[in-house]
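See below for the structure under consideration.
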Amino acid sequence: MPGEGNLKRDSTLPPRKAGKRERWSGYNTGMDTVHGSEPTRAEIDSLQGPTLVEFGAAWCGYCRATRPLITSALSGASPVRHIRIEDGKGRRLGRSFGVKLWPTLIFLKDGKEMARLVRPENSDLIQRALENICKDA
C-alpha cells in the first residue's frame, strides 16, 4: 500500500508484546488468584486436597457464561484450590486431560480425578461436584 512504510507507532506508548491477550490462567486459593506459568501435569497430579481445574479461553463465550456459575458454587464451598488454565492449540496440559470442549471443569481430590463437567449449565451441578471432593477434606 502507498505510504505503508511511513506508519510509526507513538513512542510514548509502551512496547507491544506480540500475541498478548487477556491473562486467563491463574491459581485461586480462596479469594486470591496468583498468575504465573502454567503448571505441569505432574504438579497437578501431586496436589493435595480438593482442587478444581478449569480449562477454557478468554474469548470463549461458553467460558464467559459459566464464570458466574463457578463463582457462585465456589462461594458456598469449603476452601478449594481453583486453577484456571488457558487452553488452546499447542497446549499440552489440556490434551493430557483429554479436554475437547470449553469450559471443562475437572474436580480433583489429592491429585485424582473425581468428576468432570463440560459446559455446565447450572451452579447446582458444580456445587455437587465440589461437595464430593470436599468430603473428608
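The values are calculated or read from the model by the stated rules, or taken from the named source; none is laboratory data. None of these values were measured; they are calculated from a predicted model. Because the Cβ atoms are built from the backbone with ideal geometry, glycine has one as well, and the counts that use them run over all protein chains shown.
Assorted remarks:
Residue-by-condition table, conditions (1) closer than 14 Å to ALA129 by Cα; (2) more than 14 Å from the chain's Cα centre (by Cα); (3) modelled with pLDDT under 95:
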{"site": "ASN6", "(1), (2), (3)": "no, yes, yes"}
{"site": "GLY19", "(1), (2), (3)": "no, yes, yes"}
{"site": "VAL53", "(1), (2), (3)": "yes, no, no"}
{"site": "THR66", "(1), (2), (3)": "no, no, no"}
{"site": "LYS89", "(1), (2), (3)": "no, yes, yes"}
{"site": "PRO103", "(1), (2), (3)": "no, no, no"}
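- The single condition among (1) more than 22 Å from LYS109 (Cβ to Cβ); (2) over 12 Å from the mean Cα position of the chain (by Cα); (3) modelled with pLDDT under 90 that TYR62 does not meet is (3).
- Hits in region 95-136 - residues which are touching a Leu at 6+ places or on another chain (Cβ under 7 Å) and on the phi > 0 side of the Ramachandran plot: GLY111, ARG119
- Residue check, GLY111 touching a residue at least 12 places away in the same chain (Cβ under 8 Å) and within 16 Å of ALA42 (Cβ to Cβ): yes
- PHE107 passes every criterion in (1) within 16 Å of CYS63 (Cβ to Cβ); (2) buried (at least 20 other Cβ atoms within 10 Å of the Cβ) apart from (1).
- Here the helices (runs of 4 or more DSSP H) wholly within region 28-137 that include at least 1 residues being among the acidic types (Asp, Glu) are 41-45, 123-134.
- Out of SER123, SER46, SER75, sole residue that is among the hydroxyl-bearing types (Ser, Thr, Tyr) and free of Cβ contacts under 8 Å to residues at least 40 places away in the same chain: SER75
- Inside region 87-104, residues that are under 20 Å from SER72 (Cβ atoms) and surrounded by fewer than 18 Cβ atoms within 10 Å (Cβ to Cβ) make up a count of 0.
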